[in-house]
Amino acid sequence: MRTFFGHPVALSTLFFTEMWERFSYYGMRGILILFMTATVAQGGLGFSTEQAGAIYGTYVAMVYMMTLAGGWVADKLLGLRRSVFWGGVLIMLGHLSLAVPSTQFFYFGLVLVVLGTGLLKGNISAIVGQLYENDDAKRDAGYSLYYMGVNLGGALGPLVCGWLAQQPYFQAKLVAWGIDPRSAWHFGFGAAAVGMFFGLIQYLYGQKRLPEKSIAAAGATTPEARAKARRQFGWAAGFTLVAVAAVLLLARQGVIAITPTGVGLFFDVLITLTVVGFFGWLFLSADWSRDERKRLVVIFVLFLGAAVFWAGFEQAGSTLNLFAQRNTANTLLGWAYPASWLQSVNSIFIIIFAPIFAWLWTALRHRDPSSPTKFTLGLLLLAVAYGVMVVAAMRSSNGTLVSPMWLIAVYLLQTFGELCLSPVGMSAMSRLAPVRVSGLMFGVWFLASSVGNKIAGRVGGLYESFSLPAIFGANSLFVLVFAIGMALLIVPIKRMLAAREA
């Protein structure tokens, strides 16, 4: 029987689909805040860091929060397999919209990418879980291998999109071709669309390898249930469209003003209410058995740990990206490279170390650290990484451009933390989630990313308001406090899981 590095061959289809999706996502993300803060004369939008941080944080937060809706659509309407395909289509169209030099198309493109990623991201991860039995020792290793595909795309995307958007050589080529060099940013966005197109072609070719159970909507197995789900979707979509139309009409009449910071604040409140409302609904629902409620407690604890981790980690695209652009000497052997290229460092480290961590979790077997232990290690490594950034920020406080090795060291520590937490967290979600809501429970995991990304964007908006040592020092202390809290919960959670297995 054919395998993919010792795993089910279907993993190769998901591996390469996610690789191209992440190529498009990280390629665009690597230049997003730099494009918004670049002056109009440079082809950018000319936003302040506060405005750009608000938009960036809202965008990346909604990308992950929409996985909740995407999981519901997969569970109730489309099934996992079709949800992944149509999500990819929307992502591709979104990047094509970003390639158009227009502010209106810029915002429209962000919306399409948000909707598409919501359909694709959590559901493709859920299909990975369907390839293994719950007690399969290869499960964690499989997710680590899949995560390597994620980061292969994450490494290539910023290199390609960043080169097109920022490299003077390409801008000179545009001049020679009679094209305004300021449009180089949009060529970078266009490359992201091409990447997603390749992902869709690969997915269509390999979807026959996927498990049969990925086709049906597992949460609506009867005609009545499917009809009810369609009505619910129709009402939700209609209400959303009416609300958006009302806001746009009020703005056009001058009753309200739509600003980046105002939109960011609105989504701060929305995401907070979503988290509170969603977990309130989960815990108060009468459909859960006693065993499932215990699993929900563990999921909630892991959710908090993941949200804190991503709040620090995802500043790679905001605070650390701005530090790379403004405070780092981006040269190698006298050759200048785009600041956005440093966005690939974390992914390159993942490619190098993911197989080692995958082997480690499998080799440890019964001595394998528990999920909360790995979460604690991940948080501690992140806290140390921001301690390193405090020193780098102090060295650059007088206007000196520091070596890129500071950021590379930070990304190495963050990579080790990510490998302790992220693939293990996805595996834990697939193991703990009840089958009938597997897509929705992966939405919970990505909701943690949503919260973390929103905080990361907000912190990026403070780049010009506070000293950099203060920003990075607060990050380190914040993460360290939660790491200690997670450490105190290791034993209780292990007992709860042991009682369930018994």
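The values are calculated or read from the model by the stated rules, or taken from the named source; none is laboratory data. Everything numeric in this text was worked out from a predicted model, so none of it was measured. Cβ atoms come from the backbone with ideal geometry, glycine included; neighbour counts cover every protein chain shown. Calculation scope for accessible area: heavy atoms of the full protein, side chains included, ligands and nucleic acids excluded. Shrake-Rupley method; radii C 1.70, N 1.55, O 1.52, S 1.80 Å.
Remarks
- Just one residue in the set 53, 46 is over 26 Å from residue 201 (Cβ atoms), outside any helix (DSSP H, G or I) and modelled with pLDDT under 95; that residue is 46.
- Which numbered condition residue 60 fails, given (1) over 22 Å from residue 273 (Cβ atoms); (2) buried (at least 19 other Cβ atoms within 10 Å of the Cβ): (1)
- For the stretch 152-174, the count of residues that are open to solvent by less than 40 Å² (accessible area, probe 1.4 Å), over 15 Å from the mean Cα position of the chain (by Cα) and of a type in the set (D, E, K, R) is zero.
- Evaluation of residue 103 against (1) farther than 21 Å from residue 20 by Cα; (2) of a type in the set (Val, Ile, Thr); (3) within 13 Å of the chain's Cα centre (by Cα) (one fails), failing number: (3)
- Of all residues in the stretch 324-360, those being in contact with a strand residue (DSSP E or B) (Cβ under 9 Å, 6 or more places away or on another chain) and in a helix (DSSP H, G or I) number 2.
- Qualifying residue in the stretch 40-52 (condition: more than 27 Å from residue 186 (Cβ to Cβ), open to solvent by less than 10 Å² (accessible area, probe 1.4 Å) and not hydroxyl-bearing (Ser, Thr, Tyr)): no
- Failed item, numbered, when residue 214 is tested on (1) open to solvent by less than 80 Å² (accessible area, probe 1.4 Å); (2) within 30 Å of residue 49 (Cα to Cα): (2)
- Members of the stretch 71-95 that are of a type in the set (D, E, K, R) and touching a Gly at 6+ places or on another chain (Cβ under 9 Å): 75, 76
- First in the stretch 363-384 and closer than 30 Å to residue 469 by Cβ, second anywhere and in a loop (DSSP other than H, G, I, E, B), Cβ under 8 Å, 6 or more apart: 377/369
- Residue that is nearest to residue 38 (Cα to Cα), among those in the stretch 98-109 that are open to solvent by 10 Å² or more (accessible area, probe 1.4 Å) and assigned to a helix (DSSP H, G or I): 103
- Every pair of residues 6+ apart whose Cβ atoms lie under 8 Å, when the first sits in the stretch 335-346 and is over 16 Å from residue 410 (Cα atoms) while the second is among the aromatic types (Phe, Trp, Tyr): 338/163
- Boolean, residue 290 is more than 23 Å from residue 66 (Cβ to Cβ), among the charged types (D, E, K, R) and in contact (Cβ under 8 Å) with a residue 12 or more places away in the chain: no
- Within the stretch 1-39, the residues that satisfy the criterion of being open to solvent by 20 Å² or more (accessible area, probe 1.4 Å), part of a helix (DSSP H, G or I) and farther than 30 Å from residue 175 by Cβ are 16, 20.
- Tally, over the stretch 186-200, of residues that are among the hydrophobic types (A, V, I, L, M, F, W, C) and open to solvent by 20 Å² or more (accessible area, probe 1.4 Å): 4
- Answer from 436, 431 - the residue that is farther than 23 Å from residue 360 by Cβ, modelled with pLDDT under 90, open to solvent by 30 Å² or more (accessible area, probe 1.4 Å) and in a helix (DSSP H, G or I): 436
- Candidate set from the stretch 296-345 (those that are open to solvent by 30 Å² or more (accessible area, probe 1.4 Å) and not hydrophobic (A, V, I, L, M, F, W, C)); member that is nearest to the chain's Cα centre (by Cα): 325
- Scoring residue 254 on the criteria (1) in a loop (DSSP other than H, G, I, E, B); (2) without any contact (Cβ under 8 Å) to a residue 60 or more places away in the chain; (3) surrounded by 10 or more Cβ atoms within 10 Å (Cβ to Cβ) leaves a single failure, condition (3).
- Condition met for residue 89 (among the β-branched types (Val, Ile, Thr) and either surrounded by fewer than 24 Cβ atoms within 10 Å (Cβ to Cβ) or not in a helix (DSSP H, G or I) (or both)): yes
- For the stretch 110-119, the condition holds for no residue, the condition being that it is within 15 Å of residue 186 (Cβ to Cβ) and open to solvent by 20 Å² or more (accessible area, probe 1.4 Å).
- Residues satisfying the stated conditions in the stretch 257-269, i.e. over 13 Å from residue 61 (Cα atoms) and either open to solvent by 80 Å² or more (accessible area, probe 1.4 Å) or without any contact (Cβ under 8 Å) to a residue 24 or more places away in the chain (or both): 257, 258, 262
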